[in-house]
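The values are calculated or read from the model by the stated rules, or taken from the named source; none is laboratory data. In this text, all values refer to a predicted model and were calculated from it rather than measured experimentally. Because the Cβ atoms are built from the backbone with ideal geometry, glycine has one as well, and the counts that use them run over all protein chains shown. For accessibility, only protein heavy atoms count, side chains too; no ligands or nucleic acids. Shrake-Rupley method; radii C 1.70, N 1.55, O 1.52, S 1.80 Å.
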Amino acid sequence: MLGKYRREVKLGVKNLLLHKLRSFLTMLGVVFGVGSVIAMLAVGEGASKEALDRIRKLGSQNILITSAKSIEEETTTNSRIFMSVYGLLYEDEKRIAESFPDIKTTVPVKEVRKQARLGERTMELRVVGTTPQWFDLVQRPLVSGRILLQRDFDDFANVVVLTEHGVRKLLATKNTIGQTLRIGTEYFEVIGIVQNAGVIGGDIQTPDQEIDAYIPISVAQERFGDVQTRTVAGSQTREKIELNQIIVQVGSIDQVEAAAAGIEAMLKRFHKKVDYRISVPLALLRQAEATKRTFNIVLGSIAGISLLVGGIGIMNIMLASVTERTREIGIRRAIGAKKKQIILQFLIETVVLSTTGGMIGMGIGILIPWIITQLAGMPTVVSPFSLVLSLGISMGVGIVFGIYPAIRAANLDPIVALRHE
Amino acid sequence: MISSNSNGIAAQLIDVHKVYRMGTQEVKALAGVSIEFEAGSFWAILGPSGSGKSTILNLLGCLDRPTKGRYLLTGQDVSTLDDDQLSDMRLGYLGFIFQSFNLILQSTVSENIQLPLYYMGWDPLKSEDRAMELAKRVGLEERMNHRPMELSGGQQQRVAIARALANDPAILLADEPTGNLDSATGNEIMNLLLELNRQGKTIIMVTHEPELAEFASHRLFMRDGLIERIES
Ligand SMILES: Nc1ncnc2c1ncn2[C@@H]1O[C@H](COP(=O)(O)OP(=O)(O)O)[C@@H](O)[C@H]1O
Ligand SMILES: [Mg+2]
C-alpha cells in the first residue's frame, strides 16, 4: 500500500515538514493518546498477569478445602490449658472421595512445623504430609531424585522430598539425595528435589518463604501425631488438627461449581462449626478476569476519549491548512487534478501526521512501563497486540478526522480557489 | 511552420450563455457568444471590466460549464462533461498562465513544472528530463532547484509558462499574463508567448491593454456579455 502511494506519502511528509512545530503540536494529542493507552495496558496487563498466573497454578479443575479456626473458636483459645480442636478430618477426605462421582482425585495435606537438622545446619521446616498425587495436582516437576511413591505410604518409609529453595536454605546440594535429614526426633532419607511454586496450603503466598519437606502422610500421622504445641510470644498454644487441607480435583471445569457446592453441604452436615474454608480457583480466576475486563473497558474509554480529542485537534489543523492552501488546491485542480486526487493528497497527509504521532506514542508507551518497572519494580507487559492496535487506531484517526477536511478541499470551486488571496 | 488555417478549429463556442445566480438575482455574464478559435492562432480578448472576459476564459479552460450552448474543444463537446471528465480535458488539452503566476510556493521550480506530468502519471525520471527541457525553453535551466519566492516576477511567470507547456496543450490560456510585471519584463513575456505561437501553439489571452493586444493575430472585444467586434 505504501508503495502505491509512495509519492503522495513523500509529498505529505514534505508538507508536514514545512511547518515542523505546528505538525508536532498537532500530533501531540495522538502521541499522548497512544502513549497512555499502551502504558496503561502494559501496567494493567502486568498486574493481572501476575494474579492470574498465581490463580491458574492452583488449578482450574481443583477445589481447595482448608482448615481454618472458626470465629467463635478464635476468641476462646487464649487460655493456655485448653487445646483447640478444629479443622478437616481424615474422615472428611474419605467421605468426599466416596460421595461424589465427578471427583477424580482427592489429596490430603497435613502440615507440621518441626526443627530439622542437616549436617551442621538447623532450621524450622514446614513438614507437609501428603500423597503422591499431590505432586501432579500442584504441578511440581521433579528436579532431581524421585518423588513420593505409593509404597512409601504403605511401608511408612521415612523419606522426604525437598524444594529447590529448601535445599538452598539447608545448604544442601544434589548430592544431598540419599543423605539423612533429622526432622524433630526422626531421621528421614532425602529422596528428591522438586521445583518451587508460589502456592502452598491453598493460600496465595509469595514464593520461597517456607522451607517445605514433603513426606508420606501416613508417616506424618504416625510419627508426629495430630497435636501441635507451639510457643508464640511466651504463651503456649496447643492445636489438634487432623488435616490442614484437602485438594479435590474434578474431571472437567464445568463440574467444579456443583462439586464445590456438594462438598460444602456435606461438610456443613458433619462439622458443628465452620472450621474450614472452601476456595475455588476457577471462581477466583473468573473474578480476576472479569475485573480485568472492567479495567480494560475503563481504559478503552479513556483511550477513546483521548484519541477523539487528538483526532479533533488534527481535523481542526487540517481544516485550517485547507483554507491556507486554497490557492494551491485551485492550481492543482486547474492543471487537471481530479477531486479524488485532492482527497487522497490531504487524507494521506493527515494519516502520515496521525501515524507519526502514533509511532512516537508507541515509543513513549514502551518507555513509560519500562521506567515503572525499573523504578517501582512493578511487573509490566507491553503486548504486541496493543502496539498493533495503537498503530491501527492512529491510522484510523487520521482517516476518520482527515476525510472531512480532504473533502472540503476537493469540493472547492477551482475558479474561486484560484482567486483566493 | 504549419500554416494556421490548415490546422482546423482548436475551440468553438456555439451560442454560449453563462448565468450566475446570486440569491434571487441573476447575472448574465455571457448572453449568447459564438466564435471559432483556429488552431495556431493568437487571440487577445479585450473589453471593459465586467464584460465577460474571465467568464469566457474559464469556460474555454473547462473550469466551468456553460448554462446554455455548446463548447467544442478539439472537436469534442465538453459542455455536458462531469467534473472528472473536465479534469481530464484540462490535463490533456489545456495550459493556464495567470496574472499572479500561481506557482506552488513550497515546491521547487522543477517540481512546479512537473506538476501536470505528475497527474498524468509520468515516470518520475522521465518527468524530470521533460522539466529540464521545458526550463531550457524558457531560459530557467539554472534555477531548477530554487523556490518561486527566490525568483523575480518575470522568472516566476516563465516557470508558469513552462508548467503550462508540460502537457503539450492544444490551447494556452492566459489571463492578464503581464498584469503583475513592469513593462520591460512584460514585453519579454509577450515575446516568449509570440515565440510559442510562432512554433504553432494556439494562445488565447485576456488583457485590458490595447498595446499588448497588438501582438495578437486576432482581437475579440467584449461588452456586456456579448461580442462587440472582432479584429484580425
Ligand atoms: N462567480 C460569479 N458569481 C456571480 N457573478 C459573477 C461571477 N463571476 C462573474 N460574475 C459576473 O459576471 C460578469 C462578467 O464577469 P467577468 O467575466 O469576470 O468580467 P471581466 O473578466 O470581463 O471583468 C460580471 O458582471 C461579474 O460580476
Ligand atoms: Mg476578469
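Can you confirm whether B:GLY47 is free of Cβ contacts under 8 Å to residues at least 60 places away in the same chain and small (Gly, Ala, Ser)? Spell out the reasoning first.
Values: free of Cβ contacts under 8 Å to residues at least 60 places away in the same chain: no; small (Gly, Ala, Ser): yes.
For B:GLY47, the condition - free of Cβ contacts under 8 Å to residues at least 60 places away in the same chain and small (Gly, Ala, Ser) - is not met.
Contact map, segment B:18-42: residues that are more than 20 Å from B:GLY69 (Cβ to Cβ) paired with residues that are within 16 Å of ligand 2 (Cβ to nearest atom), Cβ distance under 8 Å, separation 6+ or inter-chain. Pairs shown: B:PHE42/B:MET205.
Looking at segment B:152-208, which of its residues are β-branched (Val, Ile, Thr) and either within 16 Å of ligand 2 (Cβ to nearest atom) or touching a Cys at 6+ places or on another chain (Cβ under 7 Å) (or both)? Give the steps one after another, and end with the answer.
In the first step, residues of segment B:152-208 are kept if they are β-branched (Val, Ile, Thr); the result is B:159, B:161, B:171, B:178, B:185, B:189, B:202-204, B:206-207.
Correct list: B:THR178, B:ILE204, B:VAL206, B:THR207.
For segment B:66-86, a tally of residues being surrounded by 17 or more Cβ atoms within 10 Å (Cβ to Cβ) and in a strand (DSSP E or B) returns 3.
This table checks each residue for (1) of a type in the set (D, E, K, R); (2) over 20 Å from B:LEU105 (Cβ atoms).
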{"residue": "A:GLY304", "(1), (2)": "no, yes"}
{"residue": "A:GLY330", "(1), (2)": "no, no"}
{"residue": "A:ARG333", "(1), (2)": "yes, no"}
{"residue": "A:LYS338", "(1), (2)": "yes, yes"}
{"residue": "A:GLN345", "(1), (2)": "no, no"}
{"residue": "A:GLY361", "(1), (2)": "no, yes"}
{"residue": "A:ILE368", "(1), (2)": "no, yes"}
{"residue": "A:THR373", "(1), (2)": "no, yes"}
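Residues in segment B:87-102 that are crowded, with 20+ Cβ neighbours inside 10 Å and either touching a Ser or Thr at 6+ places or on another chain (Cβ under 8 Å) or part of a loop (DSSP other than H, G, I, E, B) (or both): B:TYR93, B:PHE98, B:PHE101, B:ASN102.
For segment A:364-421, a residue qualifies if it is open to solvent by 70 Å² or more (accessible area, probe 1.4 Å), assigned to a helix (DSSP H, G or I) and within 16 Å of ligand 2 (Cβ to nearest atom), and the qualifying residues are A:VAL416, A:ARG419.
Would you confirm whether or not segment A:310-324 contains a residue that is closer than 22 Å to B:LEU172 by Cβ, surrounded by fewer than 24 Cβ atoms within 10 Å (Cβ to Cβ) and within 14 Å of another protein chain (Cβ to nearest Cβ)? Within segment A:310-324, none of the residues are closer than 22 Å to B:LEU172 by Cβ, surrounded by fewer than 24 Cβ atoms within 10 Å (Cβ to Cβ) and within 14 Å of another protein chain (Cβ to nearest Cβ). For the residues B:LEU86, B:LEU115, B:LEU105, B:LEU63, the requirement of being within 16 Å of ligand 1 (Cβ to nearest atom) and in contact with a Lys or Arg (Cβ under 8 Å, 6 or more places away or on another chain) singles out B:LEU63. Just to verify a result, which residue in segment B:170-182, among those that are within 14 Å of ligand 1 (Cβ to nearest atom) and open to solvent by 30 Å² or more (accessible area, probe 1.4 Å), is nearest to B:THR55 (Cα to Cα)? Within segment B:170-182, the match that is nearest to B:THR55 (Cα to Cα) is B:ASP175.
For segment B:118-141, the tally of residues that are away from chain A (no Cβ under 11 Å) and in contact (Cβ under 8 Å) with a residue 12 or more places away in the chain stands at 10. In summary, B:VAL159 fulfils each of the numbered conditions (1) out of contact with any Ser or Thr (no Cβ under 9 Å at 6 or more places or on another chain); (2) under 28 Å from B:THR55 (Cβ atoms); (3) surrounded by fewer than 20 Cβ atoms within 10 Å (Cβ to Cβ) with the single exception of condition (3).
So that you can scan it fast, the table gives a plain yes or no per residue for (1) of a type outside the set (A, V, I, L, M, F, W, C); (2) surrounded by fewer than 16 Cβ atoms within 10 Å (Cβ to Cβ); (3) under 17 Å from B:TRP43 (Cβ atoms); (4) within 16 Å of ligand 1 (Cβ to nearest atom):
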residue	(1), (2), (3), (4)
B:ALA164	no, no, yes, no
B:ASP168	yes, yes, no, no
B:ALA184	no, yes, no, no
B:ILE189	no, no, yes, no
B:GLU195	yes, yes, yes, no
B:ARG198	yes, yes, yes, no
B:LYS201	yes, no, yes, no
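One residue stands out among those in segment A:1-31 that are surrounded by 20 or more Cβ atoms within 10 Å (Cβ to Cβ) and away from every other protein chain (no Cβ under 14 Å): the one that is farthest from A:ILE366 (Cα to Cα), which is A:THR26. If you check A:ILE317, A:ILE312, A:ILE335 for being in contact with a helix residue (DSSP H, G or I) (Cβ under 6 Å, 6 or more places away or on another chain), closer than 20 Å to A:LEU16 by Cβ and not basic (Lys, Arg), only one passes: A:ILE317. Quick check, is A:THR237 among the hydroxyl-bearing types (Ser, Thr, Tyr), away from chain B (no Cβ under 14 Å) and touching a strand residue (DSSP E or B) at 6+ places or on another chain (Cβ under 7 Å)? So A:THR237 passes the test. Taken together, B:ASP83, B:ASP77, B:ASP64 contain a single residue that is away from ligand 2 (no atom under 16 Å from the Cβ), within 30 Å of B:ILE227 (Cα to Cα), touching a strand residue (DSSP E or B) at 6+ places or on another chain (Cβ under 9 Å) and of a type in the set (Asp, Glu), which is B:ASP77.
The listed residues are B:LEU134, B:LEU117, B:LEU105, and the only one of them that is farther than 26 Å from B:VAL19 by Cβ and open to solvent by 70 Å² or more (accessible area, probe 1.4 Å) turns out to be B:LEU105.
Checking each residue in segment A:399-416 for being within 14 Å of chain B (Cβ to nearest Cβ), in contact with a Gly (Cβ under 9 Å, 6 or more places away or on another chain) and either closer than 20 Å to A:GLY12 by Cβ or at pLDDT 95 or above (or both) picks out only A:LEU412. The set of residues from segment B:68-117 being more than 8 Å from chain A (Cβ to nearest Cβ), of a type in the set (Gly, Ala, Ser) and within 27 Å of B:GLU141 (Cβ to Cβ) comprises B:GLY95, B:SER100, B:SER107, B:SER110. Where strands (runs of 3 or more DSSP E) fall wholly inside segment B:144-232, the ranges with 1 or more residues that are free of Cβ contacts under 8 Å to residues at least 24 places away in the same chain are B:226-231.
Do you know which of the residues in segment B:27-65 that are part of a helix (DSSP H, G or I) and within 13 Å of chain A (Cβ to nearest Cβ) is farthest from the chain's Cα centre (by Cα)? So that I can check it myself, show each step before the final result.
Here is the first cut: in segment B:27-65, the residues part of a helix (DSSP H, G or I) are B:53-60.
Cutting the leftovers down to within 13 Å of chain A (Cβ to nearest Cβ) gives us B:54-60.
Details: B:SER54: 11, B:THR55: 13, B:ILE56: 11, B:LEU57: 8, B:ASN58: 9, B:LEU59: 11, B:LEU60: 9 Å.
Once the filter is applied, the top-ranked residue is B:THR55.
When residues in segment A:127-141 are screened for being surrounded by fewer than 19 Cβ atoms within 10 Å (Cβ to Cβ) and at pLDDT 85 or above, 2 of them pass.
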